[in-house]
Structure formats: structure tokens, C-alpha cells
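The values are calculated or read from the model by the stated rules, or taken from the named source; none is laboratory data. This structure is a prediction, so every number in the text was calculated from the model and none was measured. Neighbour counts run over all protein chains shown; Cβ positions are idealised from the backbone, glycine included. Heads up: the accessible areas ignore ligands, DNA and RNA and are worked out on the full protein's heavy atoms, side chains in. Shrake-Rupley method; radii C 1.70, N 1.55, O 1.52, S 1.80 Å.
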Amino acid sequence: MVNFAIVGCGHIAKKHAEAIKQVANASLYAVCDTVPERMDDYVKEYGAEAYTDLDRLLADENVHVINICTPSGYHASIAKKAAEAGKHVIVEKPIALTLQDTNDIIEACNKNDVKLSVVHPNRFRPAMVWLKSIMEKGLLGKISHANATVRWNRNQQYYDQAPWRGTKALDGGVLMNQAIHNLDLLVWLMGDVEEVFSMSATRIRNIEAEDVSTGVVRFTTGALGVIEAATTIYPKNLEESISIFGEKGTVIIGGTTANFIEHCQIEGMSQNEIEQIVNEIKENPYGKPGHQCIIEDMIQAIHNDREPIVTGNDGKRALELVLALYKSAETNQPVKLASLM
């Protein structure tokens, strides 16, 4: 049995708790939060031990994996402490808010020989798994460009729920918080980014960070990309999509949360073949919950002594793209990702 402990009992912690419950050989052993009443439901429903002190939790030898579900600005300090205590680490997106903190997390986990996984669960969606497989096989040929779009609504009430929401120090804006999953998919599918140019603004929400961002990307392969992300869409979430355009095929994965094949034309693939794939995914667009996949993968990584599927370096690549877009918007200049190092 692998015992998990959740640190930070806000909204996202519920997904972790339910995922752990669904996985064989996994147990939600403990929870930790500075506000005791936030832990009540986890104690009652899952029988978890409650800790208000992180150091006491980390001293508990029965805890094997720490799931970090706090505001993003706290990820680094908790992850480093967990690694130094010999605990494996699952950290919610983004891995951290700075490259220095990210490097510190990765170094601490490597030094203490513990596994590190970053929660980018959208990689496990059936449509994305299929798209990744056909791109790896080269079925789309040479890629000309890609689009990553997040047109969502996060109203002012959402940001007013907690004082850290929308702040640069603890949360970030639409790129860091909402669109980073989409950007992770973009890099996962297209490869490393060489250069970006971006503009962003805070147009409608009363927050410190951006609520809308646009950018263009050049990948190291020479392919181009377009990024659009906003939490200003009225009156509700409209679209999350990834579009890939190649010399032998075009694929658009869309819907409100990028789960459906909205368009597919691939050289050599019949219309019947395409319709079969489209319908199979339509019947099961979400697949196994991504958080459950992350939990299962961590257990397998521990037992088989291998890297998790979504590594710390994967989390770093998504963060690098966000930070490059931020820097470009601030300076009104193109930014090469190598310059961030």
C-alpha cells in the first residue's frame, strides 16, 4: 500500500482525494492545512489523519507521497521539504512560479532519490493520446504550425474567493493558471520552443495578473504556433482547443475542454476510418480521470523505480513557455527561451 498525504485542502485537493480512493494499493493516509476545519471532510470521508503542521506530517514514516495542492507560490518550499524528508512528490500545476524554484525542486528530488510528478492530466485524455500517437508515427508529415486556444470564463467572484487568486506572487494570470495545461499539450505535441512574441492585458477582471494573452511561437523544428488565452469570455467557458496543421493532415481537438476531434483529414486515411476514431472518442471523451492516471503512474514509478510519465522537467518546459510569454509582453520584444536560463 502506498500512502498519500495531501497538503492544502482547497478545491483541487478534492480531485486528488477521489483519485486516490479509486486506485488500488493507494490510501489517503493524511491531509495537512493551516485551517483545521478545511480538513474535516477528509477525516470523515476518507479516514485521513489531520495535520496543521507540515513538519510533523513529513516526520510521519507512514507517509510515502506528498500531493501539493496549495497556491502555486508555495509549491517550491513544500516540495523541497518533502524531498528532504524522503517523500515522493506530486505537485499541482504549475510546478512553481519561477525557474529558480523549479530547478530547486528538481534538484532536491534528484538529490534525495525521490520521484517527482507534475499534474498535467490532460495528456491522458483519449483524443490527446490518439493525436500524440499519430504525430509520433509521422502521419501528419512536416508540421507547418499549431494553434493553442483557451477561451474561458473566470468571473470576478472566482477571483474574489481568496486573496491570493490573480496575484503575481502566488497565482499568476490566465497563462499560468488556466492555460498552462493547454500549453503543456502544445509543447508535448510540438516539441521545444525556441522563441516567442506576446502581448497581454488585464482588461476586465480586477486582478494583478493578466486576464487575456496572445502570442506567437517558433519551435526548434521551425514550425510556428499561435496562442490565445483568456478568462474574459462572456458568459461561460466557450472553447479549449489544440489545432495541428501538417503537410499530410489537419487535426483539431476541441470542445470546451479539448476532448473531441472536431476536424480530421489525414492523407491515406479513409473517411470511414476517421469517423470510427471520432465516434470512439465521442463515446468516451474523458477516459479515466487524469488525476487518477497520475496517482496510478506514481505508484508504478515507485515500484518499478522509473521516472513518472509527467516529470519535473516536463513541468519546467510548460513553465518556461509561460515565463517567456510574460517577459515578451513586459518588454514588447521577442524572447528566446535560452535567454531565460
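A few comments on the model shown:
- Here is the size of region 229-312 from its Cα atoms: Rg then Dmax, 17.0, 47 Å.
- Links that overshoot a 24 Å alpha carbon limit, given the list Lys14/Lys44; Lys14/Lys115; Lys87/Lys336; Lys111/Lys132; Lys137/Lys248: Lys87/Lys336; Lys111/Lys132
- Environment charge at Lys81 (Cβ cut-off 14 Å; Lys +1, Arg +1, Asp -1, Glu -1): -3
- With a cut-off of 11 Å between beta carbons, the residues surrounding Ala17 carry a summed charge of 0, where Lys and Arg count +1 and Asp and Glu -1.
- In region 86-133, the alpha-carbon atoms span a convex hull of 95 Å³ per residue.
- Approximate spin-label separation Lys288-Ser133, in nm, with each point projected 7 Å along Cα-to-Cβ: 1.5
- Taking region 228-254 and a reference point 7 angstrom along Cα→Cβ of Lys142, the backbone N atoms nearer than 17 Å belong to 245-250.
- When the C-alpha to C-alpha distance is required to be over 26 Å, the pairs from Lys142/Lys282; Lys142/Lys236; Lys15/Lys81 that qualify are Lys142/Lys282; Lys142/Lys236.
- Its relative contact order, with pairs defined as Cα atoms under 8 Å and 6+ residues apart, puts the chain at 19 percent.
- Protein accessible area in the chain, 1.4 Å probe - carbon and sulfur %: 48
- For the chain, the solvent-accessible area with a 1.4 angstrom probe is 45 square angstrom per residue.
- C-alpha long axis of helix 99-111 to longest principal axis of the chain, angle in °: 60
- For the chain, DSSP calls about 55 percent of its internal beta bridges antiparallel.
- 0 to 90° range, to nearest 10: angle between helix 180-190 axis and the chain longest Cα axis: 50
- Cut-off under 5 Å, modelled amide H: who pairs with Ala209 long-range: Lys168
- Counted charge near Phe197, where neighbours are those whose Cβ lies closer than 11 Å (Asp, Glu -1; Lys, Arg +1): +2
- Calculated [θ] (222 nm, deg cm²/dmol) that DSSP helices of n ≥ 4 give over the chain, each run adding -39,500 (n - 2.57): -11000 deg cm²/dmol
- For the chain, the C-alpha radius of gyration divided by 2.2 N^0.38 Å, with N the number of residues, is 0.99.
- Our analysis of region 1-77 gives Rg over Rh at 0.92, with the two radii drawn from alpha carbon positions and Rh computed by the Kirkwood formula.
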